[in-house]
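Quick notes on the structure that follows.
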Amino acid sequence: ATVAADRNNSSIVVAGTGGSIYKWSDGGIDWIEVLSNTTTTASRIRSMAVALPRIYANTNQGTIWRSPDSGATWGQTHDASGTGFLGGLVIDPGNPNNVYAGNFFTASPSTESKIIKSVNAGENWTHTGEGPETPDEIGGR
């Protein structure tokens, strides 16, 4: 399982277990499923990042899912399933439109990139060509 809290509101927490995501906003009393594994078809949520109203999650299949409205609706925003797998996710605290994901494996050297970046809240992603040299430094396996 993976857990992430909103940087600006610590009472908002999301947790990924299996391929589903749950959210609580009442101190952990009630967890509500906001994304089911029947939607993602993933067997594992690898990591998440939260800066409400946006929530991001990546899966063991190399896809990134985004909710623009605190978990009410979700859409797939990136698919690296044919070229690689993603590690950690982080939102720039100075600009929540900037989102980064560690890319720790690519099947093709021509797409080799350690970090992918979105500058428009996950609408589009680009390979930065930057980052640490070893996979374990980027989000582990």
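Residues being of a type outside the set (A, V, I, L, M, F, W, C) and assigned to a loop (DSSP other than H, G, I, E, B): count how many of those fall in segment 62-97.
Of all residues in segment 62-97, those of a type outside the set (A, V, I, L, M, F, W, C) come to 62-63, 66-71, 73, 75-79, 81-84, 87-88, 92-97.
Adding the requirement that they be assigned to a loop (DSSP other than H, G, I, E, B) leaves 62, 68-71, 73, 81-83, 92-97.
So the count comes out to 15.
Hey, among the residues in segment 1-29 that are over 23 Å from Thr63 (Cβ atoms) and outside any strand (DSSP E or B), which one's most open to solvent (accessible area, probe 1.4 Å)? So, considering only residues that are over 23 Å from Thr63 (Cβ atoms) and outside any strand (DSSP E or B), the one most open to solvent (accessible area, probe 1.4 Å) is Arg7.
Which one is farthest from Ile12 (Cα to Cα) among residues in segment 30-61 that are open to solvent by 70 Å² or more (accessible area, probe 1.4 Å) and part of a strand (DSSP E or B)? Filtering first and then ranking leaves Glu33. Against the list (1) over 10 Å from the mean Cα position of the chain (by Cα); (2) modelled with pLDDT of 80 or more, the condition Ala49 fails is (1). You will find that of Gly75, Gly28, the residue that is under 26 Å from His127 (Cβ atoms) and without any contact (Cβ under 8 Å) to a residue 24 or more places away in the chain is Gly75 and no other.
I'd like the full set of residues that are farther than 18 Å from Leu89 by Cα and under 15 Å from the mean Cα position of the chain (by Cα), limited to segment 4-35. Correct list: Val34 only.
Can you spot a residue in segment 92-112 that is modelled with pLDDT under 85 and among the charged types (D, E, K, R)?
The initial filter retains those residues of segment 92-112 that are modelled with pLDDT under 85, namely 102-112.
Filter again for among the charged types (D, E, K, R), leaving 112.
Yes, there is a match, as at least one residue in segment 92-112 is modelled with pLDDT under 85 and among the charged types (D, E, K, R).
The values are calculated or read from the model by the stated rules, or taken from the named source; none is laboratory data. Since the structure is predicted, the reported quantities are computational estimates derived from the model, not experimental observations. Cβ coordinates were reconstructed from backbone atoms using ideal geometry, including for glycine residues, and neighbour counts include every protein chain displayed. Quick note on the areas: whole protein, heavy atoms, side chains included, nothing else; ligands and nucleic acids left out. Shrake-Rupley method; radii C 1.70, N 1.55, O 1.52, S 1.80 Å.
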